[in-house]
Structure formats: structure tokens, C-alpha cells
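The values are calculated or read from the model by the stated rules, or taken from the named source; none is laboratory data. Treat the numbers as computed from the prediction; the structure is a model and nothing was measured. Cβ placement follows ideal geometry from the backbone for every residue including glycine, while neighbour counts extend to all protein chains displayed.
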Amino acid sequence: MLIRIRLGSFYSKCDESRLFDGFNGISAIRSIKGDGRDLLLDISIRDLSSDSMRELIVLLWRYRIPLSPFRPLAGNKRFDWLNNPKGVWYKSMFAGKEQTETQTGR
């Protein structure tokens with residue numbers, strides 16, 4: 001699965017390095033490519049465990065990176081827990097979903 005995320009600003013070179021160290025610590029991430037201010041993460045869904053998904057959420061949350069690109073994973077039975085509106089990730093992951101569903105009649 002190819003995921004595009006938008007990067008914010010880093011406070012230092014070491015801060016940026018810590019983000020990439022975090023990505024490299026998640027074995028399901030096969031590759032990372034830069035595209036302007038965006039990153040393209042190639043993620044093996046088969047190798048992405050619930051624990052590693054939680055680690056990825058925490059990492060992205062720390063850097064205030066929106067989680068909405070990961071919304072499709074909530075449709076996967078293994079990641080059904082992402083649909084819990086009490087989860088700290090929920091608002092970031094599903095921001096604007098209600099408005100979109102209303103506009104499309106879903």
C-alpha cells in the first residue's frame with residue numbers, strides 16, 4: 001500500500017532524523033521516498049501488525065502528521081479498532097469524513 005503523507009516543519013536536523021529512525025524501526029515500511037514536502041511510504045499491509053500500526057500512529061501523532069491517509073486501513077478486519085471514536089487517533093484519521101459522506105449521499 002502506498003501512502004502519501006504531508007510533512008510539517010522540523011525543529012532541527014536531529015528532529016527530522018528521529019522521524020526517519022522511527023519509520024525505519026517499523027519493519028512493515030518497505031521504502032520511503034520524498035516528493036517535495038510529501039513522503040511516500042510503501043507499507044506491506046500483510047506485515048503490518050496491530051502493534052506496529054499503533055507505533056506508526058504514535059510516531060505520526062508526535063510530528064502532527066495527519067492520519068487521514070490511513071483511513072482505508074479501518075476497513076481491514078485486523079485494524080477494525082481504528083474505527084473506535086474514543087481512540088486518540090480517530091479525529092485525525094476521520095476528519096471531514098462526515099461532511100464527505102453527506103455530500104456524496106452515503
Q) When the residues of region 59-87 are filtered to those that are surrounded by fewer than 12 Cβ atoms within 10 Å (Cβ to Cβ) and in a loop (DSSP other than H, G, I, E, B), which remaining residue is modelled with the lowest pLDDT? A) ARG64
Q) When you go through LEU56, LEU40 one by one, which is the residue that is at pLDDT 95 or above, within 13 Å of ILE3 (Cα to Cα) and part of a helix (DSSP H, G or I)? A) LEU56
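Look at region 21-34 and say how many of its residues are under 14 Å from the mean Cα position of the chain (by Cα) and assigned to a helix (DSSP H, G or I).
2
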Q | region 5-20, residues that are surrounded by fewer than 11 Cβ atoms within 10 Å (Cβ to Cβ), not hydrophobic (A, V, I, L, M, F, W, C) and not in a loop (DSSP other than H, G, I, E, B) | A | LYS13
Q | Subset tally (residues that are in contact (Cβ under 8 Å) with a residue 40 or more places away in the chain and touching a strand residue (DSSP E or B) at 6+ places or on another chain (Cβ under 8 Å)) for region 1-43 | A | 9
Q: Pick out the one residue from SER9, SER50, SER27 that is closer than 22 Å to LYS91 by Cα, of a type in the set (Gly, Ala, Ser) and in contact with a helix residue (DSSP H, G or I) (Cβ under 8 Å, 6 or more places away or on another chain).
A: SER50
Q. Given (1) touching a helix residue (DSSP H, G or I) at 6+ places or on another chain (Cβ under 9 Å); (2) at positive phi, where does GLY22 come up short, assuming only one miss?
A. (2)
